[in-house]
Structure formats: C-alpha cells, structure tokens
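Chemist: One structure coming up, written as structure tokens, with questions to follow.
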Amino acid sequence: MALLQIAEPGMSAAPHQHRLAVGIDLGTTNSLVATVRSGSAVCLPDEAGRTLLPSVVRYLADGDTAVGYAAQAEQSRDPANTIVSVKRFMGRGLADLSNLAREPYRFVDAPGMVQLVTRAGTKSPVEVSADILRALKARAEASLGGELTGAVITVPAYFDDAQRQATKDAAKLAGLNVLRLLNEPTAAAIAYGLDNGAEGVYVVYDLGGGTFDVSILKLSRGVFEVLATSGDSALGGDDFDHRIYCWALEQAKLSGLTPHDTRLLLTRAREAKEALTEHAETRFTALLSDGQAVDLTLTQAEFHAISKTLVDKTITPVRKALRDAKIGVDDVKGVVMVGGATRMPQVQRAVGDFFGQTPLTNLDPDKVVALGAAMQANVLAGNKRDDDWLLLDVIPLSLGLETMGGLTEKIIPRNSTIPIARAQEFTTYKDGQTAMAIHVLQGERELVADCRSLARFTLRGIPPMVAGAARIRVTFQVDADGLLSVTAREQSSGVEAHIEVKPSYGLSDDEISRMLTDSIEHVHDDIAARRLREAVVDAEALIDATNNALAADADLLSDAEREAIDAALAAAVAAIAGSEAARVNAATAALNQATEAFAARRMDRNIQRALKGHNISEL
Amino acid sequence: MNAATVNADRFGQDFFALFDLPRRFAIDAAQLDERYRAAASQVHPDRFAHAGDAERRAALMMATRVNEAYQTLKSPLARARYLLTLSGVDTQEETNTAMPPAFLMAQMEWREAIMDAKMARDVDALEKLARELRADAAALRDELAAALDGAGDLDAAALLVRKWRFLEKLEQEIGDAIEALLF
C-alpha cells in the first residue's frame with residue numbers, strides 16, 4: 001500500500017492521490033470496517049485475520065480498555081464491567097428500555113440518555129461506542145498505513161434522530177471525521193446493486209443483533225431511490241437468544257440467577273441458536289456458579305415454535321413499508337437478506353413465503369453493510385470523480401410539533417426524501433404574548449405522549465401584539481444524514497427572533513471537544529500542533545476547490561465579486577504560512593463566506609447543464 | 001455579494017423552470033422523473049461531502065429545493081395548487097368551505113361508508129372505498145387539466161382543488177383506518 005500513502009500531515013493531498021476513507025458497520029453484536037482498494041470493497045481484518053470485531057467493551061481493573069474478542073471472552077466472568085450490545089442503549093433514556101432486569105448492568109438515568117456504572121466510572125453509551133469505533137479506526141490506520149480522511153458510519157434506517165445524533169457523537173469522540181451517516185439497508189443495497197447490476201424494485205430485509213429494518217428501493221441506472229423504510233429499533237437476534245434463555249430457565253426450573261449465570265446462559269443461548277442453523281438439534285449445557293449443571297437438548301422444531309412470534313413481528317413493518325411505497329409483493333424483483341440473524345432458516349422461510357420467492361443470500365449478511373458503506377465513503381472522500389451513482393434516502397419517522405391539547409402536528413411526513421425542509425406558520429393565542437414554547441416531536445402517533453420528544457425550546461422577544469397577530473414561522477430542516485435542525489422566527493413585525501436547536505439527546509460540540517481532549521489517547525498528543533495541522537488541511541482543500549471553481553466558472557462573477565474572492569484567497573494563503581490555528585480557521589471561514597453565492601450559482605449552472613444534456617439526447 | 005443576490009440565484013425561478021419544463025398542469029411523469037434525477041445528481045450533498053462549507057451549505061439548500069420541487073410537481077393536487085399560487089390565486093382550502101350541496105351530500109355518504117367499514121373492521125371494504133375515491137380523484141384531475149391548461153378558468157380550478165383536498169383527507173382517513181386494523 002506504499003503507493004497509496006497519503007501526504008505528510010499538514011500537506012494537502014494532491015487531487016490524484018487516494019484519500020483514505022472507510023465504511024464502518026457499528027453493529028449491535030459485531031462491528032466491521034471496510035475500504036475500497038484498487039476498485040473493490042474489502043473488509044479489513046485484525047492481526048489474527050478476523051474481520052468481525054465483537055461489539056463488546058470491557059473496562060479492566062488496571063484502567064485499560066479491552067474491545068472485541070478479548071472482552072467477549074471475559075464477559076461471563078466480569079459481566080458488570082463488560083458492555084455488550086451497547087447499541088440498544090444509544091439515544092435511549094431509562095424509561096425507553098424494557099427488560100432491564102435481564103441486564104447485568106447498573107444503570108443511571110441521565111438527561112437524555114441512560115448511563116452505565118463500571119469500574120472505570122460512569123459511561124454513556126456514546127463513550128462505549130466510541131471505544132469500539134476507536135478500535136476500528138486503529139485497525140484501519142494500521143492496515144492502510146496512514147491517517148483516515150473520513151468515515152461513513154451506518155445506522156439502522158429506523159433509528160430516530162436521538163439515536164442518529166448519539167452515533168455521530170460517538171464517531172466524533174473517537175476522532176473520526178464523519179462523511180455521512182448511512183442507513184444500513186441502503187448500504188446493503190449499494191453493495192448488492194453495484195455488484196449485480198440490479199435494476200428494479202428490491203426489498204432489503206435487515207435483521208441484525210438488536211435492530212430490524214426493511215427498506216424498499218428502486219434501482220435504475222445507478223440511482224438508488226429509497227421508496228419507503230420501516231422497522232423496529234428494538235428487535236433482533238438478541239431477542240431470539242433471549243427466547244432460548246427463557247426456555248432453558250423453564251426447562252431447568254432455574255430462578256434467582258447471578259449476573260454471571262445470566263450472562264453465561266445468554267452466551268449458551270446464542271451458541272445454541274447458531275448451531276440450529278445447521279443442525280436439527282443441539283445440546284445446551286452450562287455449569288452455574290452454585291455448582292448446578294444444566295444439560296438440555298433443543299430441537300430446531302422447538303426453537304422455531306418458541307421464536308415464531310418474533311419472526312411474525314418482522315412481517316408487520318414489511319407490510320407497512322409496502323403500503324407506504326405503494327407497491328405490491330408482485331412488483332418486488334428481489335429480496336436481499338442482511339444481518340447475521342437472517343441466517344436462521346425459519347426467518348428465510350417466512351420471508352420467502354411472504355414474497356413468494358427465494359430470498360437472495362449470496363452476499364455475506366455480516367459484511368454487506370460495511371462493504372456498501374466503504375463504497376459510499378470512497379465516493380464521498382472524492383476518490384471517484386466520475387460519480388455514476390446516486391443515493392436518494394428518506395427519513396423513517398414523521399417529524400412534528402406539539403399543538404394545543406397535547407396533539408402532534410406533522411411537519412415532515414415519514415418516508416420523505418432527504419434533504420428536506422418544511423416551514424409552517426403559527427400564531428400567538430394571548431394578547432401581548434412575548435414568548436412561545438416549541439416542542440419538537442418524532443413519531444406517527446397523534447398524541448404527544450406517544451411520540452418521542454426531540455427538543456424543547458422557547459422563542460422569546462416576540463413584540464407584544466393582539467392574539468393571532470404574530471406570525472411565527474417554524475422551519476424544519478433535515479440534512480443528508482437524516483439529522484434535524486429547527487428554526488423559529490417571528491416575522492409579522494419585521495422584528496426577528498431566531499433560535500436553532502439540536503435535539504436534546506445529542507452532546508453539544510463543546511462537550512465533545514472537552515471529552516476528546518480528556519480522552520487518554522489525546523493526552524500524549526500535542527493538541528496545538530494537531531489543531532494547526534487540521535486547520536491547514538482544511539484551508540488547503542478549500543483553496544484548491546476555490547481555484548478549480550474559478551478556473552471553470554469565473555464568468556459567473558462580477559469584477560467586484562472576483563476581487564473579494566481573490567482577496568480572501570490571498571489572506572488564506574498568507575494565514576497558512578503562519579503558525580496560528582485560529583488565524584487559519586478565520587481565513588478559511590472568510591473564504592467560505594466570500595464564495596457562498598458563487599457556489600450557489602455554480603450549482604444552478606450545473607443543473608442547467610445537466611438538463612441541457614438531456615434535451616439534446618431527447619431530440 | 002449580499003443575501004438578495006443569493007436569493008435571486010436560488011429562488012428566482014419557479015419549479016417548472018428549475019426542471020426546464022413547460023408551466024402547465026399536464027405533465028410527462030417520466031420526463032419529470034428524469035429531470036429530477038439529473039438535477040439531484042448535480043446538487044446532492046453527497047457530491048460535496050469533501051468540499052468547503054460554502055459549497056456544502058449551497059448543496060444542502062439546492063438539494064432541498066430540488067426535492068421540494070419534485071414533490072410538488074409529482075403530485076397532481078400539489079401541482080395544481082402551485083400553478084394557481086404562481087398565478088396569484090389563493091386556493092383558500094382552510095377558509096373557503098362553500099361547496100355545491102350535491103358534493104357535500106356525497107361527502108357525508110363517504111364518511112358514513114368509511115365509519116361503517118371501520119366499525120365492521122372490514123379491510124376489504126376500506127380498500128374498495130379507497131379505489132372508488134381514487135377513481136373520483138382521477139375525474140377531478142381531468143377536469144383540472146381542462147380548467148388550467150384549456151379554458152384558463154382559475155376560479156373553477158381553485159374550486160376543483162378544494163374538492164380534491166376533501167377527497168385526499170378522506171383517503172388519508174381510510175389509510176389510517178386500514179393501518180390501525182392491520183398493524
């Protein structure tokens with residue numbers, strides 16, 4: 001890989017150089033990192049040649065952190081300090097989580113998100129996830145021989161805003177530059193579609209360790225258009241393990257187990273589930289801490305019977321997605337199976353029966369998401385100039401506001417193509433009212449209490465007016481990561497008040513950078529040098545981009561505009577020569593501002609060019 | 001380089017012009033799809049993930065607008081409403097409830113039929129009602145094409161939009177009822 005070595009830190013990579021970008025599947029049970037190497041996507045292995053990294057983090061007595069197989073091996077011995085399936089807790093408060101009794105952890109409720117008490121202190125699921133991501137980042141950098149430009153991180157399509165924000169925060173905390181959050185079924189569709197040149201309507205059925213997604217996509221000439229998505233963010237392979245665990249408790253008449261025994265039996269349950277994929281029956285044995293031996297036999301038929309309701313539970317979101325996409329089972333050309341849990345024969349049979357066709361299982365269901373993410377990362381990092389495919393994804397859940405009487409008013413309906421913005425006007429209901437509370441919600445139900453509360457904020461400084469005279473415009477903007485920002489503005493009087501919120505589940509940027517500076521990895525780093533290096537890389541990239549833009553479209557600018565851009569360019573070049581990160585950042589910001597209108601005009605021109613091309617071809 | 005210039009760049013053209021389509025109600029759906037994809041592939045934020053802040057912001061705004069334009073032109077009801085707005089006609093869907101008595105009678109019958117099917121938990125009956133509604137909507141669509149593209153009778157078109165809005169609400173109600181029964 002020496003030929004693909006990126007430039008020395010601080011030097012901008014020349015356009016022809018390969019930027020190191022990876023796709024990361026941050027799974028409930030296992031995580032993977034993949035990259036595109038000489039044109040094809042590959043999963044990167046650890047030193048032992050294993051591509052899967054168990055999503056298990058153990059906090060050791062000596063202050064170290066073990067991630068992956070080493071942590072997994074000790075999970076029964078040290079259940080309270082070994083965090084498994086942390087993804088289930090991302091962006092979730094204590095009240096959101098069911099079956100807490102079956103967890104060996106000590107939970108603390110914290111604003112927005114539950115936290116776990118370990119011997120290394122109280123850990124938020126964001127921090128635990130960041131430990132997993134850090135391990136993957138280290139693996140990728142060791143394997144690729146350089147610093148990563150950026151990463152695409154996958155999330156379940158049915159993740160809500162809080163869960164997405166938490167994932168993005170974890171990536172930032174791990175020191176990753178997030179190029180995009182990508183929906184897992186969409187990533188799978190890219191990997192499948194590009195490999196097979198698929199055209200038509202495809203369904204991606206993605207049953208992972210802890211989440212279930214179904215997405216319906218239309219593939220045509222390199223465009224991956226998501227028509228609808230649905231799912232259950234708390235249903236996955238773990239639940240099948242739990243059914244076997246409960247069966248074992250019942251069969252062996254066990255109760256009052258220690259956390260150690262619980263973890264042991266859950267591990268045995270997972271092994272039994274995996275064995276039953278290939279075999280008609282399996283033995284279930286365990287030696288409990290009080291010396292009692294459990295020795296049972298589970299048949300495939302019995303396993304299918306005790307897990308039937310779980311399999312059936314996945315069909316409801318499938319029906320919903322078909323309804324939303326306005327298509328029937330007959331329109332579906334293929335059903336792509338994703339996620340380790342789709343190896344279970346009863347799942348494949350149920351899906352096959354529902355769609356009346358054999359599901360597609362020719363891709364490794366564990367790897368396909370990471371491979372698709374790597375392909376997307378390669379494009380987003382700018383390695384692939386002749387972009388010949390495009391993703392059009394949607395938001396999974398409706399976004400709205402609380403109105404009078406505890407009712408939800410939907411502003412953006414589910415399955416809207418992103419990015420999207422919608423505005424709605426509201427007014428005051430009392431004379432002289434100078435403030436208005438705004439409550440942002442996500443979900444399909446009519447009552448506020450049944451939806452997820454994303455953020456609350458108050459718009460203040462409304463000029464006193466009679467009731468109904470104020471015009472408060474609330475704008476929802478969802479970006480290409482599926483993340484929401486909300487703006488409220490009073491405009492009837494010309495006086496404007498303005499506030500922007502991030503959902504309350506996310507950490508603020510300040511908190512992230514404090515945690516970053518606090519984290520052990522960076523204590524040894526020279527923070528000032530790192531900041532300068534990053535600032536210079538950003539500035540150089542922007543200078544390059546601006547010069548290219550000027551070479552192509554300078555005719556769009558008036559003389560005065562051109563002068564302003566040239567001045568900002570010169571200032572940025574001068575700032576790079578110095579050694580102050582703040583000055584470089586300020587010059588970059590100024591150059592960004594100076595080129596804003598230019599960028600918009602160039603995009604207009606590109607659209608017109610693209611349409612002209614079509615006009616000619618249609619003649 | 002002020003905000004006004006930027007706005008003129010981005011918002012100066014209507015949705016039809018954005019896709020280089022004639023400003024009329026009758027539309028070639030396949031052509032619209034193709035133009036949308038061509039435009040979206042130029043401005044999608046994925047194309048600018050490695051670009052500077054200014055370009056990324058511009059891409060987000062342009063892609064948002066292209067999506068909004070596509071959604072508006074794709075739905076015949078939204079398209080009709082948009083054409084009327086461009087001509088300065090407010091469709092008054094929230095305020096003007098004056099309807100021909102025969103239409104109101106038909107509305108009441110629809111509501112009763114939906115209510116009955118809901119009470120009977122009869123999904124097939126609900127699906128049948130939805131199909132009938134869609135047939136009625138198709139008839140409105142033909143009338144709208146005549147009013148907007150032919151006669152240029154904007155007041156008549158506004159009334160047709162209000163009628164269609166009623167039908168759309170009914171269809172929504174049926175959809176909700178079916179979902180409530182199925183899921």
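Chemist: Got the relative contact order for chain A handy, in percent, Cα pairs under 8 Å and 6 or more residues apart? Present the calculation step by step, with values, prior to reporting the outcome.
Modeler: Working: 1200 pairs, mean separation 80.2, N = 619.
In percent, rounded to a whole number, it is 13.
Chemist: Report, in debye and to the nearest 20, how large the dipole of chain A comes out about its Cα centre when Lys and Arg carry +1 and Asp and Glu carry -1 on their Cβ. Provide the component values of the computation, followed by the final result.
Modeler: Working: 63 positive and 81 negative charges, 177 e Å.
Dipole magnitude for chain A comes out near 860 debye.
Chemist: To continue, here is another question. Taking the convex hull of the Cα atoms, report for the range B:101-182 its projected area averaged over all directions, in nm².
Modeler: Values: hull surface 21.2 nm².
Approximately 5.3 nm², given one-decimal rounding.
Chemist: Summing Lys, Arg as +1 and Asp, Glu as -1, what charge do residues with Cβ under 11 Å from the Cβ of A:Leu32 carry, A:Leu32 excluded? Write out the running numbers ahead of the final one.
Modeler: On the way: positive: A:Arg50, A:Arg139, A:Lys367; negative: A:Asp25, A:Asp46, A:Asp364, A:Asp366.
In short, -1.
Chemist: So how do A:449-455, A:264-270, A:176-182 stack up, highest first, on mean other-Cβ count within 10 Å?
Modeler: Details: A:449-455: 18.0, A:264-270: 21.3, A:176-182: 23.1.
Put in order of decreasing packing, that is A:176-182, A:264-270, A:449-455.
Chemist: Using per-residue counts of other Cβ atoms within 10 Å, averaged over each peptide, order A:339-347, A:248-256 from highest down. Mind showing how you got there, number by number?
Modeler: On the way: A:339-347: 22.0, A:248-256: 12.3.
So the order, starting with the most tightly packed, is A:339-347, A:248-256.
Chemist: Further question: For A:Val114, what residues show an amide H to amide H distance below 5 Å, using hydrogens built from the backbone and excluding near sequence neighbours?
Modeler: Amide H neighbours of A:Val114, under 5 Å, 5+ apart: A:Arg92, A:Gly93, A:Leu94.
Chemist: Report, in whole Å, the centroid distance computed from the Cα atoms of the range A:372-439 and the range A:275-299.
Modeler: For the range A:372-439 versus the range A:275-299, the Cα centre distance is 48 Å.
Chemist: Still on this structure, I have one more. For every helix of n ≥ 4 consecutive DSSP H residues, a contribution of -39,500 (n - 2.57) applies; sum these over the protein assembly as shown, divide by its total residues, and give [θ] at 222 nm rounded to the nearest 500 deg cm²/dmol. Don't jump to the answer; show the numbers that get you there.
Modeler: Details: 23 runs with 365 residues, N = 802.
After summing the helix terms and dividing by residue count, I get -15000 deg cm²/dmol.
Chemist: Also, quick follow-up: How well do other chains shield peptide B:31-43, expressed as the mean number of their Cβ atoms within 10 Å of each residue Cβ?
Modeler: Details: counts 2, 0, 3, 5, 5, 4, 9, 8, 7, 8, 10, 11, 7.
Taking the mean over all residues of the peptide, I get 6.
Chemist: If you don't mind, another one. Take the cross-link list A:Lys326/B:Lys169; A:Lys137/A:Lys313; A:Lys123/A:Lys320; A:Lys137/A:Lys168; A:Lys333/A:Lys367; A:Lys168/A:Lys367 and give me the ones stretching past 25 Å between alpha-carbons.
Modeler: Working: A:Lys326/B:Lys169 17 Å; A:Lys137/A:Lys313 36 Å; A:Lys123/A:Lys320 37 Å; A:Lys137/A:Lys168 15 Å; A:Lys333/A:Lys367 22 Å; A:Lys168/A:Lys367 21 Å.
Exceeds cut-off: A:Lys137/A:Lys313; A:Lys123/A:Lys320.
Chemist: Using only Cα atoms and rounding to the nearest 10 degrees, what angle (0 to 90) does helix A:237-251 make with the longest principal axis of chain A?
Modeler: Taking Cα atoms only, the helix is inclined about 20 degrees.
Chemist: I need the peptides A:470-483, A:106-119 ranked by packing, meaning the mean over residues of other C-beta atoms within 10 angstrom, with the highest value on top.
Modeler: The peptides rank, most packed first, as A:470-483, A:106-119.
Chemist: Sticking with this structure for a sec: Largest first and to the nearest Å, give the Cα extent of the range A:526-614 along each principal axis.
Modeler: Reported extents, whole Å, longest axis first: 53, 28, 17.
Chemist: Toward the positive end of the charge dipole of the protein assembly as shown, about the Cα centre and with charges on Cβ (Lys, Arg +1; Asp, Glu -1), which of A:Tyr245, A:Leu44, B:Gly150 goes farthest?
Modeler: A:Tyr245
Chemist: Among A:Arg92, A:Arg530, A:Arg422, rank each residue by its count of other Cβ atoms within 10 Å, from fewest to most, as a rough exposure measure. Don't skip to the end; give the middle numbers.
Modeler: Numbers: A:Arg92 22, A:Arg530 14, A:Arg422 17.
Fewest-to-most Cβ neighbours within 10 Å comes out as A:Arg530, A:Arg422, A:Arg92.
Chemist: Using a 10 Å cut-off on Cβ to Cβ distances, tally the other chain neighbours for every residue of A:589-596 and report the average as a whole number.
Modeler: On the way: counts 3, 0, 3, 6, 3, 2, 6, 10.
Counting Cβ atoms of other protein chains within 10 Å of each residue's Cβ and averaging gives 4.
Chemist: Here's something else I'd like to know. Could you work out the mean count of beta carbons from other protein chains within 10 Å of each residue's beta carbon in A:417-424? Walk me through the numbers before you get to the answer.
Modeler: Values: counts 9, 6, 13, 5, 6, 2, 0, 0.
Per-residue shielding by partner chains comes out at 5.
Chemist: Which value, in debye to the nearest 20, describes the size of the charge dipole of the range B:101-182 about its Cα centre when Lys and Arg Cβ atoms bear +1, Asp and Glu Cβ atoms bear -1, and nothing else is charged? List each step's numbers first, then the result.
Modeler: Values: 11 positive and 18 negative charges, 25 e Å.
The dipole of the range B:101-182 has a size of about 120 debye.
Chemist: Does anyone have the angle between helix B:76-86 and the longest principal axis of chain B? Alpha-carbon axes, 0 to 90°, nearest 10?
Modeler: Orientation of helix B:76-86: about 60 degrees from the principal axis.
Chemist: Then there's this: Within straight cross-link reach of A:Lys430, meaning Cα distance under 16 Å, which lysines are found once same-chain residues fewer than 8 apart are removed?
Modeler: Output for A:Lys430: empty list, no partners.
Chemist: Tell me, what is the Rg over Rh of chain B, with Rh the Kirkwood radius over Cα pairs?
Modeler: Details: Rg = 20.2 Å, Rh = 19.0 Å.
When Rh is taken as the Kirkwood radius, the ratio is 1.07.
Chemist: Once the mean 1/r over all distinct Cα pairs of the protein assembly as shown is inverted, what Kirkwood radius in angstroms do you read off?
Modeler: Details: mean 1/r = 0.0346 Å⁻¹.
About 28.9 Å, per the Kirkwood formula over Cα pairs.
None of the figures in this text is laboratory data; all of them are computed from the coordinates on show. On a predicted model such as this, the values are computed, not experimentally measured, just so you know. Backbone-built Cβ (ideal geometry, glycine too); neighbour counts: all protein chains shown.
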